[in-house]
Amino acid sequence: MSEKYKLTYFDAYGKGEIIRILFAAAKVEFEDHRFKVEEWPKISKEMPFGVVPVLFIDGQPLSQSGAIMRYIASKYGFAGADQKEAAYCEMIVSQLDDVFTKLPWFEPDPKIKEEKTEAVWKESILPSMQKMEDYFKEKKRDYFTGEKLTYCDVVMMHILIQAQIDCPQRIKTLPTLCALRDRVKEVDGVKEYLATRKVCPA
Amino acid sequence: MPHYKLSYFDIYGRGEMVRLLFAAAKVEFEDERFTREQWKETYKKTTPFGYCPVLYIDGAPLCESGAIVRLLASKFGFNGANTVEEAHIAMFNGALRTMYVRLPNFDVDEQLKEEKTRVVYKDHILPLLEKIEKKFSDKKAEFLVGEKMSYADLRLMQYLIITERYDASLLAPFPNLVALKDRCRNTDGLKQYLATSKICPF
């Protein structure tokens, strides 16, 4: 019997959207439980470690977005062909997570936020992504870590969709990664999800 | 067996888990440790993204400590019996890391550092350990996830040893986790490593 899934997260992209996109790519149904910010203190107490996202698998909670992402990817064939490829997927995704976490997500002053955002892109994000661009360009293949779509490609797509909306100038030196983004956008399941999902600022 | 070289600072930081896995698996590896000056001058530019630790497997670099830990854990049998267990192991590992990385390891002012440390234990670490103690004592098993020792148990052991050295009385409410810590540190491989490895503040 197949598993029943419920994802509990804010009504935002944050660390939850990638999981929603992965379910779409896998064409697996799940209950998309989105709560409002005001509900957070109550919800937090119900979660195993007080954090979200949490994926309930047949009612059993699993937290930590990386663990959830890798679990769904492994189960539904998006985690690479072997352990080595899985490790490289995780390396890229974690590296992106490390540099994107530095962005001033919660800065209230828009001017300061913009300045800090520019600085993080210039000093942290672009140096890492340029190396990824150069590596991927050399490989001359459809997907980043191997011959098939993995969750690494899905993360790359999500990041670059947002970057295209926020400031396309920033990613003009990453054409091969942008081509990958556009390829993943067309993947069956992902395409339909992107066309109908709620659009969030972040 | 491939040739392994771990390249990291001469501290625990994000490298010690990797060293512990090699010890638990009784697999030899080259433990390259450098100073901050050596990092800036020589090593940083040789890494894939300018960060460490890096694991060289027959000379090919893999970075991001999570990717390295999970690859070795999978190869050496410390990553659970199936993907659900893998996910729960990652969950415990992530939850522990999230709280312990808040410790003010780099603070220079001793008094401020002590105050901050007390607050981090009180507000973050001890509440988490309480939740894990409850789950673990309900489970009535030898290890956090599944039937065998996993890297989640190693992570818990590593952190509880650090807490024990700081103030052992903090662990008094968690007898089952303390028993687990001691069970792990006495396993073959780890016992010898812990008896001879360099003791670092973090």
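The values are calculated or read from the model by the stated rules, or taken from the named source; none is laboratory data. Keep in mind that this is a model prediction, so the values were computed, not measured. Cβ sites come from the backbone with ideal geometry, for glycine too, and all protein chains shown count toward neighbours. Surface areas here come from the heavy atoms of the whole protein model, side chains and all, with no ligands, DNA or RNA. Shrake-Rupley method; radii C 1.70, N 1.55, O 1.52, S 1.80 Å.
For every residue, the table says whether it meets (1) on the phi < 0 side of the Ramachandran plot; (2) among the hydrophobic types (A, V, I, L, M, F, W, C); (3) more than 10 Å from chain A (Cβ to nearest Cβ); (4) touching an Asp or Glu at 6+ places or on another chain (Cβ under 8 Å).
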residue: B:L62; (1), (2), (3), (4): yes, yes, no, no
residue: B:S65; (1), (2), (3), (4): yes, no, no, no
residue: B:F76; (1), (2), (3), (4): yes, yes, yes, no
residue: B:N82; (1), (2), (3), (4): yes, no, no, no
residue: B:A87; (1), (2), (3), (4): yes, yes, no, no
residue: B:M91; (1), (2), (3), (4): yes, yes, no, no
residue: B:L96; (1), (2), (3), (4): yes, yes, no, no
residue: B:V101; (1), (2), (3), (4): yes, yes, yes, no
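Selection of segment A:98-128 for residues being open to solvent by 70 Å² or more (accessible area, probe 1.4 Å), in a loop (DSSP other than H, G, I, E, B) and more than 25 Å from A:I72 (Cα to Cα) yields A:K102, A:W105, A:F106, A:P108. Scanning segment B:146-171 for residues that are open to solvent by 30 Å² or more (accessible area, probe 1.4 Å), in contact (Cβ under 8 Å) with a residue 60 or more places away in the chain and assigned to a helix (DSSP H, G or I) yields a total of 1. Checking each residue in segment B:172-202 for being farther than 13 Å from B:A24 by Cβ, open to solvent by 10 Å² or more (accessible area, probe 1.4 Å) and assigned to a helix (DSSP H, G or I) picks out B:P175, B:N176, B:V178, B:A179, B:D182, B:A195, B:T196.
In segment A:129-177, what count of residues is obtained for those that are over 23 Å from A:K198 (Cα atoms), open to solvent by less than 30 Å² (accessible area, probe 1.4 Å) and among the hydroxyl-bearing types (S, T, Y)? Count: 2.
Within the set B:K44, B:K40, B:K26, the sole residue that is surrounded by fewer than 19 Cβ atoms within 10 Å (Cβ to Cβ), within 14 Å of chain A (Cβ to nearest Cβ) and over 25 Å from A:S74 (Cβ atoms) turns out to be B:K44.
A:Q64 satisfies every condition listed in (1) without any contact (Cβ under 8 Å) to a residue 40 or more places away in the chain; (2) within 14 Å of chain B (Cβ to nearest Cβ); (3) open to solvent by 50 Å² or more (accessible area, probe 1.4 Å) except (3).
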